[in-house]
Amino acid sequence: MGTGRRKQQLRWVWVALVLTLVASFVLMTLAPALTAASSGAGPSTGAGGSAAPAGAGAPAGAAGSPEASPQEAPAPGKAVVVLGADLTEAQRQEVLRLLGLDPATWDGEPLILTHQEEVALVGDYVPREQLGSRAISSVRVEPAEPGSGIRVETKHITWVAPEMYAEALATAGVKDAVVYVAAPFDVSGTAALAGIYKAYEVSAGENLDAGRKDLGAREIGVMVRIAQEIGSPEKASQFLTLLKERMAEHPPTSREEILALIRELEQQLGIQLSDALREELATLVEKLRDAGIDWQAVTAQLQQVREQVNRFLGEDTPIIRDFFNRLWDWVLAAVDAVRSWFGQ
């Protein structure tokens, strides 16, 4: 009886030891990846999950009506805020807070974006029900360090992932910018691109090419439809990021090559597009290919987006896949060892 009891106690001691070793293995294996993620990613680009952006001095304001006389544009090289023209006064206060500004102490003056401006940019590419009838989405754009690329954060934006904005902005020729997009309540975010363009052109002191701006708007429309079809804005953004990388490496020369590349990326990401959407995407790729865009420069602007895709592709990420393979093999070996110790 005593021998059996000691054997039972030893068994639990070994089980506890195995669990401790497994936990140690997990921490040691994940530590490098977690350290790299926290040090290299900067503030979160998730939709509404990050802290409000810090900083002051952006030329925007809480007061001022959309019907007021035009305000003097901020000087180039400064942060610029563009507010939706149909926000109420209370909503303006809330949006400014979401954009990282204190309405009580901040005395800047925003630019105003009308619904007509939104429709003029994306109306041909985004369904009317998503555009709505009011200008609500608002943005803050500020210049970033040269070579740092594009970073986007969103609050209350439901269908356009931060990476989608970054992709479209890079296509339009935006460089080295930090972009915040917010609304006082959940909106699709499809029309915010017009406000970002407007803010960036003032902040950078130069106009973007009209053709590339239109391509960026078309890109947003296609990506939103992909997101709706597969049920994941993040996967839609990952798809376009990988597509642009491949275009930079080996530009497709025919529609057949484009369609083959699309199907290959579908398989890689574990998604399936409808034939109609696949054809629409192929047409977009043809327009992107023929626009004379330096895709190496575009992908350089999307460095943070590429790193995020590499970190969060799930089982297709080598770090994650290798970790779980090693962990599973180690656990099996530990279990076999325990079983052998107890003659089981």
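The values are calculated or read from the model by the stated rules, or taken from the named source; none is laboratory data. Note that this is a predicted model, so its numbers are computed, not measured. Just so you know, the surface numbers come from the protein's heavy atoms only, side chains and all, with ligands and any DNA or RNA stripped out. Shrake-Rupley method; radii C 1.70, N 1.55, O 1.52, S 1.80 Å.
Using Stokes-Einstein with the Kirkwood hydrodynamic radius over Cα pairs, what translational diffusion coefficient do you get for the stretch 149-308 at 25 °C and a viscosity of 0.890 mPa s, in µm²/s rounded to a whole number?
156
Provide, in order from the shortest bin, the percent of all Cα-Cα pairs of the stretch 109-202 in each 10 Å bin, continuing until the bin that contains the maximum pair distance.
All Cα pairs considered, the percentages come to 17, 54, 27, 3.
When ligands, DNA and RNA are left out and all protein chains stay put, how many square angstrom of accessible area per residue does the stretch 221-281 have with a 1.4 Å probe?
It amounts to 44 Å² per residue over the stretch 221-281.
For LYS198, list the lysines whose Cα falls under 17 Å from its own Cα; do not include residues on the same chain fewer than 8 positions away.
Those lysines meeting the cut-off are LYS78, LYS175, LYS213.
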